[in-house]
Each structure stands twice: as C-alpha cells, then as structure tokens.
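K.L.:
Okay, handing you the structure first.
The values are calculated or read from the model by the stated rules, or taken from the named source; none is laboratory data. Bear in mind that the values here come from a model prediction, so they are computed numbers and not experimental data. No Cβ is skipped: glycine too gets one built from the backbone with ideal geometry, and neighbour counts run over all protein chains shown.
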Amino acid sequence: MSGTYLGMPAFPRAAAAATRDSRLRANLRHATHTIRDKRAKAVAELDDWDRLRAAGAAVKDRTLRHLDHYLEQLETAVTDAGGQVHWAADADEANRIVTRLVRETGETEVVKVKSMATQEIGLNEALAEAGIRAYETDLAELIVQLGRDLPSHILVPAIHRNRSEIRDIFRREMASWGRAAPEGLSDSPAELAEAARLHLREKFLTAKVGISGANFMVAESGTLVVVESEGNGRMCLTLPETLISVVGIEKTVPTWQDLEVYLQLLPRSSTAERMNPYTSTWTGTTDGDGPRTFHLVLLDNGRTDTLADTVGRQALRCIRCSACLNVCPVYERAGGHAYGSPYPGPIGAILTPQFRGTEGTLEASLPYASSLCGACYEVCPVAIDIPEVLVHLRERVVEGGPVVRNGVRTVLRPARGHAAERAAMRAAGWAFDHPDALRRGMRLAARTRRLHPRRLPGPGRAWSDTRELPAVPAESFRDWWQRTRGTSGREGSAE
Amino acid sequence: MRVALFVTCINDTLHPRTGQAVVTLLERLGVEVDFPAEQSCCGQPQFNTGYRHATEPLVRRFDRAFRDYDYVVTPSGSCAAMVRDNYPRIGAKAAAEGRGRRLVDAAALAVPKTYELTEFLVDVLKVTDVGAYYPHTVTYHPTCHGLRMLGLGDRPRRLLAEVRGLELRELPGAEECCGFGGTFAVKNPAVSAAMGADKVRQVIGTGAEVVCTVDNSCLLHIGGTLARQGAPVRPVHIAEILASTEGSPR
C-alpha cells in the first residue's frame, strides 16, 4: 500500500485480501466497536437528537438547493475580510492553483492540517512533483505519511495500525523527515504522543505556509471552521504567514445559527464527545494575528454533477463524521483501503462513484460493497439514506441512464462485465412473471432433488465454498396449497 | 377482513413449511387466509441489484394479486420492506420517466395493507400470546430489514416470550448484519462469509438449539454456514415456532 489510490482493484478482491489479514481485522474490530459504543452513549444523552438530525439534513438541503447564491455570498464575505477566493472545477485545477500559490511564497515546505479534500485531489503528490514537501501534522496522518501508507478511515486514518506498528514506523522513518524518534521509544501511548509532539513542533515553528481544509464555511461572514481534537490543526492555522484552504463547495452553511446544529451533531457522531477540544474559526486575515495572507480554493471536482442527481445529491450533506464507517459490518471486515479512495466505508461507496463516475472497475464495484443492512443510515447525523443511494447507483452501473458529467447531461451505457448477471436477472424476472413456468421448473427440481450437488462449480462457488446449499423440498408451497385447498384466484401469466 | 398470504418466492420454492406454518397459525387465531395464486416474487433481488426496470412487472403482478384484499401478510421482513420502502420509489421513478402513474397507484394501494407476520399479529390482531408451545432453547437474530427498515422493534421477542416451553437466549451483537444481503452474498463472498462466520460464532455461543428470524433468506446464509461447520444449531423461521402447539409440535 503506497502513495496512490490509482489502479486499485475492484472492491471484492481487495476486501477478500483484507479478510485474510487477522491482525488488521482484530485492529479494526476493536477500534470500530469501541467508538460505536461510545457514540451510542453520547447520542443517547440528547433527547432532541432526532430533531437535531432532521435540522442537520434540512439546513444542508436548503443550502445545496441555493448553493450558487451562498457561494457568491461566501466569496464576497471572504474577499471583504482580506482573503482571496479561487475557483477549482476539478482536482487538476485545484492542484495547479495551490502549487502556484505556494511557489509565489518562495517556500518549498508546507505544513498541513488533516484534510479530506486535499487527499481527494492528491495534493501532496502534486506538490511533490513541483518540489514542494508537504508535512502532515495530524497525528494519525503523520503515522500514515511516515509509513508510506494510505489513510483507511476518515476520522482515524491510521485505524489499521496498532501501537507497536506505530512505534516501529516512528523509529524507522522520523529521522528522514525531521527530528528523529527518541532513543528507546516504547509503544506506550504517552511516549508515542511525545515523540510526535517533538517531531511536529519543529515543523510548526519553521513553516511559512499552512494548508488546510475546513469542516464548514459560514457564508454570511466568510468564516471557515476546523473542528479537531489535537490542537495541531490550530498550530497550522495560526503560525504560518500564508494559509491556503482547499474546501469542497458543499461545506457551506448560510449562517452561524445553522453552524450551531452541526457543532452538536459532529462531535457526538465522530469522536463521541459532547464537544470537540479545538474549534478554530477564521475570517479572512487580521493584522498582527495569524496568517497575513489567506487563500480559499473552492473545489467542485464532481460535486455540481452530483447535485444534479435528485437521489444521489443527499450524499453532499455529509459532514465527514465517520459514524457510518464505525457501524458498518462490511467496513469492519474489508478495511478502508479496499474502497480505493480517501472516502472509505458506506459514505465512500456513494461519494466516490458520484465524484469519479461509475465507469471504472473499482467505482462500479463500490455500490455493491454493502449488504444494505441500513446501520449507516440509522447513525448518520444528517440522515443520508445510504442504502437508497447505493441501490440507485447500482442501477446506474447495470442499466446506465442519464447523468450529468462536467456539467453536461449525457446518457451512460450499462457497464460491461454484467452480461451474465443481466441475463440471469432477466430470466428470473421472466420466470417470476410466469408462475406456471416457474411451477413446472420447481416440480422438475423437486423430482431431481436427490441428484443436486452439494457444492456448486464455477460462479456458484461464491456461495457454496463456505455455505451449504438449501435442500429443495418435495413440494412447493403453491403445490401444497393447491393439493390441500384447491386453487384460488387466477394464476395468470404476464400481462 | 380479507387476508391474503404473500408467501414470497423463497418460501414458496425452498421453505414451504414456513408458509404452511403461517396458514396454521392464522387459522388457529380465527383468521381466514387466502393464497392468491397470481402472486410471485416481490422483485427485491432484481431491484437491489440495480435492475429496477425488471422489477416493474412484478410490482404490477403484486398489485393484481392482492388488489382485492384488506391485508397482505408475509413471513418476510425484507419482502415487506421491499413493498413498503421501494414500491413507492419504483412508482415515483417510473412517473418521472414519463410512464404514467400506474406504479405510483399500485404502490399506494400495496404499502398500507402489507404487513410482516409479527407486525400483523401484534398490531392488527393485537395478540402476543398465540397459544404456541415449543420446548426448545432459541436465540433470535433480528434481521436488518425487519429491524431497521420496518422497525419491528420488540414485536418478535414479545411473541417469542409468550411461547410456552421456549427459553430465549440473548444473542450478543444481535443487531449486526449476518452478511447475507441478497446478491451481496455472491458478489462479495469473502466479506459475506466473514460476517456469517462471526454471526454463527455468536449463535453457537448462546448454546441455543435453534436460531430464529423473521426472514428465511438470512436463515439460508446463517443455516448454510452452521451446516458447513457441522454445528448442531437448527435454523427455524419464527412462523414455525409460533405455529407449534402441544397437539401438533414442530
């Protein structure tokens, strides 16, 4: 696992490999179960959670419906407060803008606040190509970066690592990035945190450029908000001379009053805290306080296209809390890397195919990376009906249909590789719509049931490698009813 | 009260005993139940795999089969949830595609009268003691669509609690998916099997003789995994437990 999500295999293959990694499964099981139980307790403390959740969904829906208006309001407010706003239609444009802005400062090193948007666009790699080194300063992102790894969780990017693995990474890698790990570093959490603190402090004090994302942007005042636990984010947001924030356009909320809803929903859903330790807000620039130059790069990268889809657009409500990951039984077994994007778990399975399109093999497999158990929808603080969107995207994969790509309405063809399944579904659909034929088939199956194999060959192995096949009964219910009660109603065939 | 049994395709073809148990149970409770032969599959396998258009004839068929009944009772949480949650979506999408309101109307008729068995017993018949006798240790796995889409809550457990002779064993992690998920079981077999193995470990750990659910589809997966491991736990649909009596034990 290194560097890039490009060219990753379809979900089932990557997930299968993860299920065989017993250490990974133990790490994930322990971590997700711990946090899911804590979240349930934190949420249960509020008797108006359902109303907060409904408000969280409603405010986002209203904002998204008038996003053009709020974005222009935001741009004006940020500009009035001394910031500069840049618009990026896609990842390449965003990376070009940020690279240019860093170059204009003359610096070759930047410190970064944990940010999903910059991972989505591959900013670190783009900066590296331009000779600019980006240092991740979130503890977990640091572990991931030092380990030449990829994040596997939205909130806890190194969830797949345990303490002893982290100690080994620190000992091995810290020296080549800056201050080396202390001699004799153990795997005690306090020692690991101290090693990271010493290593990062150097970066904070020398960096001239900070790069961040944001959890929210308040349109009425042009204020950006970062919610975090460690305080490392605040260091990056306040110490450098230049701050560049790359933020997805859907992060907008109209007013501070709207923000209040999310500052209740987010901490309880993500870290199971009533309130997160650090909430940093900044509005443009302020003389003598914090960065002297502030750039806001507004990122589209598939969001406007997603907004055009009446079912799929609800995914844009997401506040990246990761509650859905922590309750997902598939994520727990597959791990985050199998999702092939910075957005793993159920939310990733609906965001990635919408942001990137469903044409790629990995992207086409993501809507199927779910048993549709609904646990994600149940915990989502902004009520995204993830199972509904998953099924909607499955339809896009196998049936194709109208979509918007780069602002242009187009009609997708059905994905390749589903011909056999499509034929089977058609055959099943026909049989179920012709009960007489189905009944004849079932009678034949019943007569030959002693001859049925216990294990299936070919694709059927996907079932029978781990599970017995059901025995076909001697008589279907339909035949039993007819034999004992006579017929009722007409059986009919297709209309 | 005209009550129709929607047996579901999986029970019709693979688990006729479950359908028979529903008939026995409802008749014992004084409900005259009919089986309209025009019925077929609810369309869930097609719909949940992405073949929405292939589902539409089955929605129309459901409408024709059950139009004349006051209640449609089905021994399947996920098929009931398919009707209740997804038929309106299928109707709305068809209308949006300019193909009229026939499916919208079909869904509007089907949704309010379709009940999963335990809902029908508790909410419509207002019974929790159905006069059953089942002298076994049982653990109950709440299936996802019953639990989270229908919101069955404690209805199945209240029914089981009144069954004479039955000892209910708590299933740890009960609300976690068993890993079946329809075509998920074959599209992501490794993850499905890993989920199934964890579920089965919990089931075996209860020491119960029987694992029961409101869905035979999930039991196909749980039972198939148990059987492959040679575990002695039997998968039994809740209808068969509720139909069992001293005079006619199951």
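K.L.:
Go through segment A:27-48 residue by residue and tally those that are over 27 Å from A:Ala364 (Cα atoms) and within 12 Å of chain B (Cβ to nearest Cβ). Please lay out each step first, then the result.
P.N.:
Initial filter on segment A:27-48 (over 27 Å from A:Ala364 (Cα atoms)): A:27, A:30-31, A:33-48.
This time we only want the ones that are within 12 Å of chain B (Cβ to nearest Cβ), so: A:33, A:36-37, A:40.
Qualifying residue count, segment A:27-48: 4.
K.L.:
All but one of (1) assigned to a helix (DSSP H, G or I); (2) touching a helix residue (DSSP H, G or I) at 6+ places or on another chain (Cβ under 6 Å) hold for B:Val72; which doesn't?
P.N.:
B:Val72 satisfies all of (1) assigned to a helix (DSSP H, G or I); (2) touching a helix residue (DSSP H, G or I) at 6+ places or on another chain (Cβ under 6 Å) except (1).
K.L.:
Checking B:Ala197 against (1) surrounded by fewer than 20 Cβ atoms within 10 Å (Cβ to Cβ); (2) free of Cβ contacts under 8 Å to residues at least 24 places away in the same chain; (3) among the small types (Gly, Ala, Ser): exactly one of these is not met. Which one?
P.N.:
Condition (2) is where B:Ala197 drops out.
Results for (1) of a type in the set (A, V, I, L, M, F, W, C); (2) in contact with a Ser or Thr (Cβ under 9 Å, 6 or more places away or on another chain), shown as yes or no for each residue.
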| site | (1), (2) |
| --- | --- |
| A:Val408 | yes, no |
| A:Arg413 | no, no |
| A:Gly417 | no, yes |
| A:Ala420 | yes, no |
| A:Ala428 | yes, no |
| A:Arg449 | no, no |
| A:Pro459 | no, no |
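K.L.:
Would you call B:Ile10 surrounded by fewer than 24 Cβ atoms within 10 Å (Cβ to Cβ), more than 8 Å from chain A (Cβ to nearest Cβ) and closer than 17 Å to B:Leu220 by Cβ? Before you say what the answer is, go through the steps one by one.
P.N.:
Numbers: surrounded by fewer than 24 Cβ atoms within 10 Å (Cβ to Cβ): yes; more than 8 Å from chain A (Cβ to nearest Cβ): yes; closer than 17 Å to B:Leu220 by Cβ: yes.
Judged against the criteria, B:Ile10 is a match.
K.L.:
Further question: Need at least 1 residues that are within 20 Å of the chain's Cα centre (by Cα), under 26 Å from A:Val78 (Cα atoms) and of a type outside the set (A, V, I, L, M) per element, so show me which helices (runs of 4 or more DSSP H) inside segment A:270-346 make the cut, counting only ones lying wholly within it.
P.N.:
Where helices (runs of 4 or more DSSP H) fall fully within segment A:270-346 and carry at least 1 residues being within 20 Å of the chain's Cα centre (by Cα), under 26 Å from A:Val78 (Cα atoms) and of a type outside the set (A, V, I, L, M), they are A:303-307.
K.L.:
Does segment A:95-107 contain any residue that is in contact (Cβ under 8 Å) with a residue 40 or more places away in the chain and closer than 23 Å to A:Arg320 by Cβ? Spell out the reasoning first.
P.N.:
Filtering segment A:95-107 for residues in contact (Cβ under 8 Å) with a residue 40 or more places away in the chain gives A:97-98, A:101-102, A:105, A:107.
Checking which are closer than 23 Å to A:Arg320 by Cβ leaves us with A:97-98.
Within segment A:95-107 (the criterion being in contact (Cβ under 8 Å) with a residue 40 or more places away in the chain and closer than 23 Å to A:Arg320 by Cβ), the answer is yes, since at least one residue qualifies.
K.L.:
Let me ask something else about it. Hey, can you tell me all the residues within segment A:156-191 that are surrounded by fewer than 20 Cβ atoms within 10 Å (Cβ to Cβ), of a type in the set (A, V, I, L, M) and closer than 21 Å to A:Thr271 by Cα? Full working, then the answer.
P.N.:
Narrowing segment A:156-191 to residues surrounded by fewer than 20 Cβ atoms within 10 Å (Cβ to Cβ): A:162-165, A:167-168, A:171-173, A:175-180, A:182-191.
With of a type in the set (A, V, I, L, M) added as a condition, the list becomes A:175, A:180, A:185, A:190.
The one that is surrounded by fewer than 20 Cβ atoms within 10 Å (Cβ to Cβ), of a type in the set (A, V, I, L, M) and closer than 21 Å to A:Thr271 by Cα: A:Ala190.
K.L.:
Out of the strands (runs of 3 or more DSSP E) lying entirely within segment A:182-231, which hold 3 or more residues that are within 23 Å of the chain's Cα centre (by Cα) and assigned by TED's automatic domain parsing to the domain that holds A:Arg103? Walk me through it before giving the result.
P.N.:
Numbers: elements: A:209-212, A:216-218, A:223-228.
Passing ranges, in order: A:216-218, A:223-228.
K.L.:
Any chance segment A:161-177 includes a residue that's assigned to a loop (DSSP other than H, G, I, E, B) and either within 30 Å of A:Leu224 (Cα to Cα) or in contact with a Leu (Cβ under 7 Å, 6 or more places away or on another chain) (or both)?
P.N.:
Our first condition is that a residue be assigned to a loop (DSSP other than H, G, I, E, B); within segment A:161-177, this holds for A:161-162.
Applying the additional criterion that residues be either within 30 Å of A:Leu224 (Cα to Cα) or in contact with a Leu (Cβ under 7 Å, 6 or more places away or on another chain) (or both) yields none.
No: zero hits.
K.L.:
What number of residues in segment A:365-423 are assigned to a loop (DSSP other than H, G, I, E, B), without any contact (Cβ under 8 Å) to a residue 60 or more places away in the chain and surrounded by fewer than 16 Cβ atoms within 10 Å (Cβ to Cβ)?
P.N.:
Final tally of qualifying residues: 4.
K.L.:
I've got another one for you. Hey, among B:Thr49, B:Thr18, which residue is more than 7 Å from chain A (Cβ to nearest Cβ) and surrounded by 24 or more Cβ atoms within 10 Å (Cβ to Cβ)?
P.N.:
On the way: B:Thr49 fails: more than 7 Å from chain A (Cβ to nearest Cβ).
Checking each option against the conditions leaves just B:Thr18.
K.L.:
Would you check if there is a residue in segment A:128-135 being in the same structural domain as A:Ile211 (by TED's automatic domain parsing), part of a helix (DSSP H, G or I), of a type in the set (D, E, K, R) and closer than 27 Å to A:Cys318 by Cα? Give the steps one after another, and end with the answer.
P.N.:
First, the residues of segment A:128-135 that are in the same structural domain as A:Ile211 (by TED's automatic domain parsing): A:128-135.
In the following step, the residues that additionally are part of a helix (DSSP H, G or I) were identified as A:128-129.
Restricting the remaining residues to those that are of a type in the set (D, E, K, R) gives A:129.
Going one step further and asking which of them are closer than 27 Å to A:Cys318 by Cα, we end up with none.
Looking through segment A:128-135, none of the residues is in the same structural domain as A:Ile211 (by TED's automatic domain parsing), part of a helix (DSSP H, G or I), of a type in the set (D, E, K, R) and closer than 27 Å to A:Cys318 by Cα.
K.L.:
Would you check if there is a residue in segment B:198-205 being under 29 Å from B:Arg84 (Cα atoms) and facing another protein chain (nearest Cβ under 10 Å)? If you could, list the steps in order and put the result at the bottom.
P.N.:
So the first thing to find is which residues in segment B:198-205 are under 29 Å from B:Arg84 (Cα atoms), and the list is B:199.
Checking which are facing another protein chain (nearest Cβ under 10 Å) leaves us with B:199.
Yes: one or more hits.
K.L.:
Also, I was wondering about something else. For segment A:424-435, give me the residue count where each residue is in a helix (DSSP H, G or I) and of a type in the set (Asp, Glu).
P.N.:
Looking only at that region, the number is 0.
K.L.:
Between A:Ala419, A:Ala428, A:Ala423, which is in contact with a Cys (Cβ under 9 Å, 6 or more places away or on another chain) and more than 19 Å from A:Ala315 (Cβ to Cβ)?
P.N.:
Numbers: A:Ala419 fails: in contact with a Cys (Cβ under 9 Å, 6 or more places away or on another chain); A:Ala423 fails: in contact with a Cys (Cβ under 9 Å, 6 or more places away or on another chain).
Criteria check complete, one pass: A:Ala428.
K.L.:
While we're on this one: Is it the case, given these coordinates, that A:Glu359 is more than 14 Å from the chain's Cα centre (by Cα), over 25 Å from A:Arg51 (Cα atoms), acidic (Asp, Glu) and not in a helix (DSSP H, G or I)? Reasoning before the result, please.
P.N.:
On the way: more than 14 Å from the chain's Cα centre (by Cα): yes; over 25 Å from A:Arg51 (Cα atoms): yes; acidic (Asp, Glu): yes; not in a helix (DSSP H, G or I): yes.
Yes.
K.L.:
Counting only residues that are assigned to a helix (DSSP H, G or I) and touching a residue at least 24 places away in the same chain (Cβ under 8 Å), which one in segment B:21-46 is nearest to the other protein chains (Cβ to nearest Cβ)?
P.N.:
Taking segment B:21-46 and keeping what is assigned to a helix (DSSP H, G or I), we get B:21-28, B:44-46.
Subset that is touching a residue at least 24 places away in the same chain (Cβ under 8 Å): B:21-22, B:24-26, B:28, B:44-45.
Numbers: B:Ala21: 10, B:Val22: 10, B:Thr24: 11, B:Leu25: 14, B:Leu26: 13, B:Arg28: 16, B:Gln44: 10, B:Pro45: 7 Å.
Looking at residues that are assigned to a helix (DSSP H, G or I) and touching a residue at least 24 places away in the same chain (Cβ under 8 Å), I get B:Pro45.
K.L.:
Would you check which residues across segment A:264-311 are more than 27 Å from A:Ala207 (Cβ to Cβ), in the same structural domain as A:Glu120 (by TED's automatic domain parsing) and surrounded by fewer than 17 Cβ atoms within 10 Å (Cβ to Cβ) and list them?
P.N.:
A:Glu273, A:Arg274, A:Met275
K.L.:
On to the next question. Listed residues A:Arg443, A:Arg467, A:Arg394; which is at the interface with chain B (Cβ under 10 Å from one of its Cβ atoms) and farther than 22 Å from A:Thr358 by Cα? So that I can check it myself, show each step before the final result.
P.N.:
Working: A:Arg443 fails: at the interface with chain B (Cβ under 10 Å from one of its Cβ atoms); A:Arg394 fails: farther than 22 Å from A:Thr358 by Cα.
On inspection, the qualifying residue turns out to be A:Arg467.
K.L.:
What residue, among those in segment A:349-361 that are in contact (Cβ under 8 Å) with a residue 40 or more places away in the chain and surrounded by fewer than 24 Cβ atoms within 10 Å (Cβ to Cβ), is nearest to the other protein chains (Cβ to nearest Cβ)?
P.N.:
The selected residue is A:Thr358.
K.L.:
To continue, here is another question. Taking the conditions exactly as written (surrounded by 22 or more Cβ atoms within 10 Å (Cβ to Cβ) and either without any contact (Cβ under 8 Å) to a residue 24 or more places away in the chain or within 19 Å of B:Asn188 (Cα to Cα) (or both)), does A:Ala323 satisfy them or not?
P.N.:
Details: surrounded by 22 or more Cβ atoms within 10 Å (Cβ to Cβ): yes; either without any contact (Cβ under 8 Å) to a residue 24 or more places away in the chain or within 19 Å of B:Asn188 (Cα to Cα) (or both): no.
The answer is no for A:Ala323.
K.L.:
Suppose we filter A:Ala54, A:Ala58 for residues that are in a helix (DSSP H, G or I) and touching a residue at least 12 places away in the same chain (Cβ under 8 Å); which single one remains?
P.N.:
Values: A:Ala58 fails: touching a residue at least 12 places away in the same chain (Cβ under 8 Å).
Unique residue meeting the criteria: A:Ala54.
K.L.:
With B:Arg61, B:Arg2, B:Arg89, B:Arg84 as the choices, which residue is facing another protein chain (nearest Cβ under 9 Å) and either in contact with a Leu (Cβ under 8 Å, 6 or more places away or on another chain) or surrounded by fewer than 22 Cβ atoms within 10 Å (Cβ to Cβ) (or both)? Break it down stepwise before answering.
P.N.:
Working: B:Arg61 fails: either in contact with a Leu (Cβ under 8 Å, 6 or more places away or on another chain) or surrounded by fewer than 22 Cβ atoms within 10 Å (Cβ to Cβ) (or both); B:Arg2 fails: facing another protein chain (nearest Cβ under 9 Å); B:Arg84 fails: facing another protein chain (nearest Cβ under 9 Å).
Exactly one of B:Arg61, B:Arg2, B:Arg89, B:Arg84 is facing another protein chain (nearest Cβ under 9 Å) and either in contact with a Leu (Cβ under 8 Å, 6 or more places away or on another chain) or surrounded by fewer than 22 Cβ atoms within 10 Å (Cβ to Cβ) (or both), namely B:Arg89.
K.L.:
Within segment B:92-104, restricting attention to residues that are without any contact (Cβ under 8 Å) to a residue 24 or more places away in the chain and assigned to a helix (DSSP H, G or I), which residue is surrounded by the fewest Cβ atoms within 10 Å (Cβ to Cβ)? Spell out how you get there, then give the answer.
P.N.:
Restricting attention to segment B:92-104, the residues satisfying the condition of being without any contact (Cβ under 8 Å) to a residue 24 or more places away in the chain are B:92, B:95-101, B:104.
Retained after the next criterion (residues that are assigned to a helix (DSSP H, G or I)): B:92, B:95-96, B:104.
Working: B:Ala92: 16, B:Ala95: 15, B:Ala96: 9, B:Val104: 17.
Looking at residues that are without any contact (Cβ under 8 Å) to a residue 24 or more places away in the chain and assigned to a helix (DSSP H, G or I), I get B:Ala96.
K.L.:
I'd like to know if segment A:83-90 contains one or more residues that are touching a strand residue (DSSP E or B) at 6+ places or on another chain (Cβ under 9 Å), in a helix (DSSP H, G or I) and either at negative phi or hydrophobic (A, V, I, L, M, F, W, C) (or both). Full working, then the answer.
P.N.:
Step one: of segment A:83-90, the residues touching a strand residue (DSSP E or B) at 6+ places or on another chain (Cβ under 9 Å) are A:83-90.
With in a helix (DSSP H, G or I) added as a condition, the list becomes none.
No; the residues of segment A:83-90 include none that is touching a strand residue (DSSP E or B) at 6+ places or on another chain (Cβ under 9 Å), in a helix (DSSP H, G or I) and either at negative phi or hydrophobic (A, V, I, L, M, F, W, C) (or both).
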